[in-house]
Amino acid sequence: MRRRTSPRRTATSKPQSIGPIQTFEVDGLTHEAKGVARFQGKVTFIEGALPGETVEAQVNKAGRNFDEAVLVNIIEPSVYRVEPSCQHFNVCGGCSFQHLADEQQLNAKADWLQGQLRNLITTQELEQLSDKPMGYRRRARIAIELKKGRMALGFRGKASKEIISIDQCVVLAPNLQSIFLSLKLALLENDLAGVLGHVELLEDTKGVSVLFRLTSSISDELKNAWEDWAEKEQVALYWQAPKAGKAEVAPEKMRYYDLVDLRLKYHPQDFIQVNATMNQKMVAQAMSWLSPSKQDVVLDLFCGVGNFSLPLAQHAQSVIGVEVQETMVEAARENARVNGLDNLSFVAADLTKPVNNELFKQTITKVLLDPPRAGAFEFLDSIIKIGPTQILYVSCNASTLARDAEYLVAKGYRVLRVSLMDMFPQTSHVETMMLLQKKK
């Protein structure tokens, strides 16, 4: 999960006006891709500036400890500056790194990650896992807004709630880029846009799908017109009713994606990794690092629909998956059945609260956890009580990973390997994998 915490700005007694244009020498880069410069000893963060550049900028937010500035002109550009591939880059908030060469993006993320894990990584080399930098995203939530008769369809702006209407998104998978254009044209031709909360685009092994979240009911005539559009475009169409938590989906309409020789079914609004190729690589690396054998009983925490559980079960004696959402647990059980794996069991449990002691009846030898951004601190004492020989921690938030891993190290574990996984190129997000070993 993944964002660097910038220094907190101290509010001044009154709003600051934009200062004069000044020249800055940029010598650093924040995790949010803001250039770091110093003027008269004070740190200034400049949106869009890169290390090694000489720029002109205006301070627009002044604080006691640091200022923020608007880039006005690049006097001497960085050798690593590139032309953004997307025409909306300067205003859209979806990407933050398109102006930096791909290799340097990885280097910047590695530097930041090493800083976050500085108390844990001393002798270990930071490994890297990456794939194609564009056209990788198989899922997207598209915002929609009607204002003064005009439709905006796209993403939120940079540091703004404004919806930026886009014509392309270069990080979307090609098939999703194509359906987005068709969708935008179709929405301009009827009244559906006025009753949409948002639109979800998805591509998996089954194909492309579009989900409409409705804010009020629509006529059968309008719904049928969109069903005809979906048939023409050869996409699956899902409807989330007003005030419903999820779209109602018949069993035969469930989505699925393939993971090597496994097929995983899921509800179109269940969590799956948005980068399909990187997910394949991540799971393969997890299997290599954890190396489950027929002597291992593996506990898979925050297991979802079985993205790690099923591959683990192909090698381990048995696997226990734990997930808070009952519907995802049911999907995971069905996935185990469909793939012919009978050494799996799944439990619905909130891992931020005490868990039923049934989990501790078996001698668990290894643990894999892939928690949300908040991490897994509440469950760490339970893991320590279980006493696995190895813990594989997959994280989408390096700061909570650092906190949790430091606690595990203090309780008798040591870090063996760490990998930066570039799941979201062109953005500041960082996915991390860490393997910890119990000390003898």
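The values are calculated or read from the model by the stated rules, or taken from the named source; none is laboratory data. Keep in mind the model is a prediction, meaning the values are calculated, not measured. Using ideal geometry, Cβ is built from the backbone for each residue, glycine included, and neighbour counts are taken over all protein chains shown. The protein model used for the area step is the full one, side chains on, heavy atoms only, and it has no ligands, DNA or RNA in it. Shrake-Rupley method; radii C 1.70, N 1.55, O 1.52, S 1.80 Å.
So, in segment 394-440, of the ones that are of a type in the set (Val, Ile, Thr) and farther than 14 Å from residue 109 by Cα, which residue ends up most open to solvent (accessible area, probe 1.4 Å)?
Just the residues of segment 394-440 that are of a type in the set (Val, Ile, Thr), to begin with: 394, 400, 409, 415, 418, 427, 430, 432.
Going one step further and asking which of them are farther than 14 Å from residue 109 by Cα, we end up with 394, 400, 409, 415.
On the way: 394: 0, 400: 18, 409: 48, 415: 13 Å².
The qualifying residue most open to solvent (accessible area, probe 1.4 Å) is 409.
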Open item on the list: Looking at (1) touching a strand residue (DSSP E or B) at 6+ places or on another chain (Cβ under 6 Å); (2) open to solvent by less than 10 Å² (accessible area, probe 1.4 Å); (3) within 25 Å of residue 425 (Cβ to Cβ), which one does residue 270 not meet, given that it meets all the others?
Closed with: (1)
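Anything in segment 205-224 that is open to solvent by less than 50 Å² (accessible area, probe 1.4 Å) and in contact with a Leu (Cβ under 9 Å, 6 or more places away or on another chain)? List them, or say none.
Those that are open to solvent by less than 50 Å² (accessible area, probe 1.4 Å) and in contact with a Leu (Cβ under 9 Å, 6 or more places away or on another chain): 208, 209, 210, 211, 212, 214, 218, 222.
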Task: Breaking point among (1) touching a residue at least 40 places away in the same chain (Cβ under 8 Å); (2) open to solvent by less than 50 Å² (accessible area, probe 1.4 Å); (3) assigned to a loop (DSSP other than H, G, I, E, B), for residue 293 - done: (1)
Task: Filter pass, residue 305 being touching a residue at least 40 places away in the same chain (Cβ under 8 Å), of a type outside the set (Asp, Glu), surrounded by 23 or more Cβ atoms within 10 Å (Cβ to Cβ) and under 23 Å from residue 379 (Cα atoms) - done: yes
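Inside segment 203-218, can you point out the residues that are hydrophobic (A, V, I, L, M, F, W, C) and in contact (Cβ under 8 Å) with a residue 40 or more places away in the chain? Working first, answer last.
Let us first name the residues in segment 203-218 that are hydrophobic (A, V, I, L, M, F, W, C), namely 208, 210-212, 214, 218.
Residue satisfying the conditions is 211 alone.
With respect to residue 261, is the statement that it is surrounded by fewer than 14 Cβ atoms within 10 Å (Cβ to Cβ) and under 26 Å from residue 420 (Cα atoms) true? Talk me through it step by step, then tell me what you get.
Details: surrounded by fewer than 14 Cβ atoms within 10 Å (Cβ to Cβ): yes; under 26 Å from residue 420 (Cα atoms): yes.
Yes.
Look at residue 329 and say whether it is surrounded by fewer than 18 Cβ atoms within 10 Å (Cβ to Cβ), of a type outside the set (Phe, Trp, Tyr) and more than 20 Å from residue 384 (Cα to Cα).
Values: surrounded by fewer than 18 Cβ atoms within 10 Å (Cβ to Cβ): no; of a type outside the set (Phe, Trp, Tyr): yes; more than 20 Å from residue 384 (Cα to Cα): yes.
No, not satisfied.
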Open item on the list: Looking at segment 338-348 only, could you name the residues that are open to solvent by less than 50 Å² (accessible area, probe 1.4 Å) and part of a loop (DSSP other than H, G, I, E, B)?
Closed with: 339, 341, 343
Open item on the list: So for segment 243-253 (the condition being modelled with pLDDT of 95 or more, touching a strand residue (DSSP E or B) at 6+ places or on another chain (Cβ under 9 Å) and open to solvent by less than 20 Å² (accessible area, probe 1.4 Å)), does at least one residue qualify?
Closed with: yes
Task: Residue count, segment 213-266 (criterion: more than 22 Å from residue 336 (Cβ to Cβ) and among the aliphatic types (A, V, I, L, M)) - done: 11
Open item on the list: Exactly one of these conditions fails for residue 24: (1) over 22 Å from residue 171 (Cβ atoms); (2) at pLDDT below 95; (3) buried (at least 16 other Cβ atoms within 10 Å of the Cβ). Give me its number.
Closed with: (2)
Open item on the list: Could you check segment 370-388 and list, in sequence order, the residues that are in contact (Cβ under 8 Å) with a residue 60 or more places away in the chain and of a type outside the set (A, V, I, L, M, F, W, C)?
Closed with: 370, 371, 372, 373, 388
TODO: Filter segment 49-69 down to residues that are surrounded by fewer than 19 Cβ atoms within 10 Å (Cβ to Cβ) and small (Gly, Ala, Ser) and give me whichever is farthest from residue 107 (Cα to Cα).
DONE: 63
Task: Considering residues of segment 109-120 that are in contact with a Leu (Cβ under 9 Å, 6 or more places away or on another chain) and surrounded by fewer than 19 Cβ atoms within 10 Å (Cβ to Cβ) only, the residue nearest to residue 30 (Cα to Cα) - done: 111
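Can residue 180 be described as under 30 Å from residue 98 (Cα atoms), aromatic (Phe, Trp, Tyr), part of a helix (DSSP H, G or I) and open to solvent by less than 40 Å² (accessible area, probe 1.4 Å)? Don't jump to the end; show me each part of the working.
Details: under 30 Å from residue 98 (Cα atoms): yes; aromatic (Phe, Trp, Tyr): yes; part of a helix (DSSP H, G or I): yes; open to solvent by less than 40 Å² (accessible area, probe 1.4 Å): yes.
So residue 180 fits the description; yes.
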TODO: Output the residues belonging to segment 145-173 that are open to solvent by 20 Å² or more (accessible area, probe 1.4 Å), under 12 Å from residue 193 (Cβ atoms) and among the hydrophobic types (A, V, I, L, M, F, W, C).
DONE: 146, 151
Open item on the list: If I filter segment 349-369 for residues that are crowded, with 16+ Cβ neighbours inside 10 Å, under 25 Å from the mean Cα position of the chain (by Cα), over 21 Å from residue 289 (Cβ atoms) and hydrophobic (A, V, I, L, M, F, W, C), do I get at least one hit?
Closed with: yes
Open item on the list: Go through (1) at pLDDT below 95; (2) open to solvent by 70 Å² or more (accessible area, probe 1.4 Å); (3) among the polar types (S, T, N, Q) for residue 190 and report which single condition fails.
Closed with: (2)
